[in-house]
Amino acid sequence: MLPGSRVVVIGGGVSGLATAYFLRSGGEPAPEVCLVEESPRLGGKVRTRVLSGLPVDTGPDTLVVRDPSVRALLDELDLRSRLVPPAARGAYLWSRGRLRPLPDGMELGVPGRLWPLLRSRVLSPTGLLRAGLGLLRTRNTVADTEPSVGEVVRSIFGPEVLDRLVAPLMAGRFAGSPDMLSARLVAPQLLDLLRPGQPAYPRLRALRGASGGTTTPSTMTLPGGLEDLVEAMRQRLDDCDLRTGVGAVSLTRHVDRYVVTLADGTSVDADAVVLATPAFVSADLLHALSPAAANDLREIRYASTTTVTLAYPGHALRRPLDATGFLVPPSENRLVTACTWSSAKWPHLSGPDLVLLRCSLGNVGWCSTVDDETVVRHAHSELAEAMGITQPPTEFVVSRWPRALPEYTLGHGDRLRRVAHALRDLPGVFLTGAACGGAGLAQCLSHARRTADTLRATLPVPVSS
Ligand SMILES: Cc1cc2nc3c(=O)[nH]c(=O)nc-3n(C[C@H](O)[C@H](O)[C@H](O)COP(=O)(O)OP(=O)(O)OC[C@H]3O[C@@H](n4cnc5c(N)ncnc54)[C@H](O)[C@@H]3O)c2cc1C
């Protein structure tokens with residue numbers, strides 16, 4: 001790589017920051033990096049706010065640390081020893097007018113054992129019978145090449161398991177309806193259950209064994225909030241050209257170099273460019289250079305959501321916070337789709353006579369037309385009904401996330417393959433971000449590492465004297 005090679009990274013969320021970090025830390029000679037972020041703050045969806053004196057994450061609040069490359073990054077950033085695991089286990093489901101414990105032994109919402117499912121009374125007798133048959137029946141048909149999560153679950157376990165267990169669990173992790181989500185991309189383990197010749201039960205048991213074989217929790221958080229991850233990466237980019245508060249507006253090519261023009265009229269030229277922006281922004285930036293890639297990127301759907309974190313006096317809660325929270329199936333048509341009992345899940349988020357609850361809200365259209373106070377009043381009334389809360393919240397923070405969650409719908413894999421193919425005509429242009437290699441933070445970090453490694457390998461190498 002020639003000393004003086006320059007890379008422009010567009011987008012300063014975790015994907016862009018991590019790409020910049022890996023480009024700089026991947027050994028000498030490292031390219032110069034210019035990172036361009038439209039917003040005045042870095043971090044993108046990662047946002048920590050202070051509520052009742054405590055640092056609450058209003059975007060992601062959980063980091064999955066299963067991937068060794070993510071653990072290695074956390075070590076390099078001196079963050080691994082600060083990670084804390086959840087203090088509570090288990091969760092409830094709001095079903096037919098009350099909270100019911102989610103059955104043990106589930107894998108991605110699919111029940112692996114009948115007895116806990118029976119005891120939980122989450123399913124009707126008919127639904128339970130259908131789920132039991134699904135566990136025990138041997139299949140003899142071969143699956144469609146790209147089934148949706150909905151098709152897989154419905155065909156094996158019936159509609160109630162899909163509606164009451166899988167849909168609410170999936171909604172918390174992936175945007176989009178299970179009937180639109182590609183099973184291959186978001187839950188490849190489920191495809192194994194479709195193989196003919198063996199019932200689902202032993203396969204689910206093997207899956208549970210594989211995912212539960214470690215005593216180290218795979219989900220963690222940082223007690224100061226996940227913005228500490230953003231700050232740790234930013235601190236290591238002191239020698240980079242960080243431009244915040246100004247967006248990239250166009251990308252052009254001049255022989256073998258690229259020019260990124262910014263909204264303030266300035267421009268930066270570079271040997272390579274990484275687009276770490278949402279797919280619809282990357283589409284606009286790529287439109288002139290690769291209409292084919294831009295068209296496919298524009299097809300990627302994004303879901304919007306709202307989160308609200310509420311502070312209550314501890315004595316206003318009539319029930320113990322004996323789990324991580326509860327989920328609500330979409331068919332219940334409630335505003336609150338999930339509620340994390342933050343003070344139970346993350347004990348650093350509690351105080352004397354203070355409890356924090358964090359809700360994800362559906363009904364995006366309605367939320368976008370009303371003010372924060374109205375959103376909170378409605379969310380509170382559902383929480384009060386579900387949990388017996390006797391007083392309104394003393395404080396709250398509402399965060400609206402328009403077009404925030406890329407949907408891994410059917411055809412997403414093919415779209416990404418076509419985009420990669422089209423980008424072969426633009427050597428030096430790379431894509432990363434939540435729409436590329438998985439929608440969670442950990443997947444963004446690993447994809448950023450792979451992107452930086454590939455990019456470094458393509459830059460010209462200095463001629464040794
Ligand atoms: C409410 C919510 C809860 C979540 N919970 C979790 C969780 O608990 N665990 C988990 O693992 N994941 C979670 N996620 C997903 C996770 O937050 C995202 O996958 C991740 O933050 C995406 O990072 P990113 O850098 O790819 O994208 P972003 O964070 O969207 O960053 C893209 C950046 O590009 C910038 N940008 C846009 N246009 C331009 C332009 N023209 N020029 C320059 N910059 C531009 C944006 O301002 C933004 O900063 C959650 C997401 C949301 C919305």
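The values are calculated or read from the model by the stated rules, or taken from the named source; none is laboratory data. All figures in this text were calculated on a predicted structure; none of them were measured in a lab. Methodologically, a virtual Cβ is constructed for each residue, glycine included, from the backbone with ideal geometry; neighbour enumeration extends over all protein chains shown. All accessible areas refer to the heavy atoms of the entire protein, side chains included, with ligands and DNA or RNA removed. Shrake-Rupley method; radii C 1.70, N 1.55, O 1.52, S 1.80 Å.
Excluding ligands, DNA and RNA, the accessible surface per residue across region 26-136 is 48 Å² with a 1.4 Å probe. When Rg and Dmax are taken over the Cα atoms of region 334-457, they come to 20.5, 62 Å.
When the alpha carbon coordinates of region 9-123 are projected onto the principal axes, the ranges are 61, 33, 26 Å, largest first. Taking amide H as placed 1.01 Å from N in the peptide plane, GLY325 has its amide H under 5 Å from the amide H of TYR92, TRP341, each at least 5 places away in sequence or on another chain. How much of the calculated P(r) for the chain lies past 34 Å, in percent of all Cα pairs? Value for the chain (Cα pairs over 34 Å): 38 percent.
Scaling the Cα radius of gyration of region 100-211 by the globular reference 2.2 N^0.38 Å produces a ratio of 0.97.
Pair-distance distribution P(r) for region 302-406, from all Cα-Cα distances in 5 Å bins starting at 0: 2, 12, 25, 25, 19, 10, 5, 1 percent. Spread over its residues, the convex hull of the C-alpha atoms of region 1-49 is 68 Å³ per residue. Treating each Cα of region 192-311 as an identical point scatterer and summing with the Debye formula, the log10 of I(q)/I(0) at q = 0.10, 0.12, 0.15, 0.21 Å⁻¹ comes to -0.65, -0.83, -0.97, -1.21.
As a fraction of the 1.4 Å probe accessible area of the chain, surface on carbon and sulfur atoms comes out at 53 percent.
Surface listing: ASP269, ASP256 arranged by accessible area from highest to lowest gives ASP256, ASP269, probe 1.4 Å. Distant-in-sequence amide contacts of THR394, defined by a placed amide H-H separation under 5 Å and a gap of 5 or more residues or a different chain, comprise ALA311, TYR312. Proximity of backbone amide H atoms, modeled 1.01 Å from N, is registered between SER95 and ARG100 at under 5 Å, excluding neighbours fewer than 5 places apart on the same chain. A simple rule links phi to the HN-Hα coupling: the Karplus curve 6.51 cos²θ - 1.76 cosθ + 1.60 with θ = phi - 60°, which for region 435-444 gives 8, 9, x, x, 8, x, 4, 4, 5, 4 Hz, with x for Gly and Pro. Taking the Cα centre of region 100-211 as origin and assigning +1 to Lys and Arg Cβ atoms and -1 to Asp and Glu Cβ atoms, the resulting dipole is close to 440 debye. Here is how the number arises for the chain: DSSP H runs of 4 or more residues each give -39500 (n - 2.57), the sum is divided by the residue count, and the result at 222 nm is -9500 deg cm²/dmol.
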